[in-house]
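Worksheet: the structure to be examined is printed underneath.
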Amino acid sequence: MTKIHFRVGALQTNCFLIADDETREAALIDPGGGTKTISAAIRDKGIQLKYILFTHGHDDHTGAAISLAKEFDVPVYLHPADRSIGRKLSLLYSEGIDIKPLADGDKLYLGSTPIDVLHTPGHSGGSCVFITGKDMFSGDTLFAGSCGRVDFPGGDARQMRASLKRLYDLPGDYNVYPGHMDFTTLERERETNFYMEEFRT
Ligand SMILES: [Zn+2]
Ligand SMILES: [Zn+2]
């Protein structure tokens, strides 16, 4: 899997382009901005963009999706619970972009490489985490040393706790690529993240 990282927009959102090395099929995760840079990278690398994935519907994760979905003629995937939480999302709907629903347990593919979808509400009702191989794209659910805010519309502290517990309980370790700030590993978060402290025995 080829992985290209962009920091985009005013909130420095982590956006990722991941491509299957065999087929060059790619997914773009959370294009909150940086349209030109991302578009150039897709073209320069000879990558075939297949779809755009949203870890959730906030504007800082979706802002460039409208232009990129149009340019590459691809669908976007979003959990239905986040359908109405972003201003940029309403633009996607009014522009007639193909918006497909994500659900817990879904498997999307790039070539023969699966991407697993975990529904992890808390930061927003439709927040999701994507896992492929040893890589976890955790959106604004799990950050290095913290977790996403729960005081936005659709946020829920109880759900966040359950979602963090679910990630904590996953077997094995993962490279964790959050929606903002530094990258980390699941094991490091299990050991040091304040919001996972209560799960340690
Ligand atoms: Zn957010
Ligand atoms: Zn965010």
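Screening residue 24 on (1) touching a strand residue (DSSP E or B) at 6+ places or on another chain (Cβ under 7 Å); (2) buried (at least 18 other Cβ atoms within 10 Å of the Cβ); (3) over 14 Å from residue 178 (Cα atoms) shows it passes everything except condition (2).
Name the helices (runs of 4 or more DSSP H) wholly inside the stretch 3-102 in which the number of residues that are within 16 Å of ligand 1 (Cβ to nearest atom), under 23 Å from residue 131 (Cα atoms) and not aliphatic (A, V, I, L, M) is 1 or more.
On the way: elements: 35-44, 59-62, 65-72, 87-94.
Fully inside the stretch 3-102 and qualifying: 59-62.
When the stretch 27-54 is limited to residues that are modelled with pLDDT of 95 or more, of a type in the set (Gly, Ala, Ser) and over 24 Å from residue 116 (Cβ atoms), the one that is surrounded by the most Cβ atoms within 10 Å (Cβ to Cβ) turns out to be 33.
Exactly one residue among 29, 52 is within 16 Å of ligand 2 (Cβ to nearest atom) and touching a Pro at 6+ places or on another chain (Cβ under 9 Å), and that residue is 52.
(1) more than 23 Å from residue 126 (Cβ to Cβ); (2) within 11 Å of ligand 2 (Cβ to nearest atom); (3) small (Gly, Ala, Ser): which one isn't true of residue 39, the others all being true? Only one criterion in (1) more than 23 Å from residue 126 (Cβ to Cβ); (2) within 11 Å of ligand 2 (Cβ to nearest atom); (3) small (Gly, Ala, Ser) is unmet by residue 39, namely (2). Among the residues of the stretch 126-165, those that are within 28 Å of residue 19 (Cα to Cα), part of a loop (DSSP other than H, G, I, E, B) and within 13 Å of ligand 1 (Cβ to nearest atom) comprise 126, 127, 140, 141, 148.
The values are calculated or read from the model by the stated rules, or taken from the named source; none is laboratory data. Just so you know, these numbers come straight off a predicted model, no measurement behind them. FYI the Cβ positions are ideal-geometry reconstructions off the backbone, even for glycines, and counts take in every protein chain you see.
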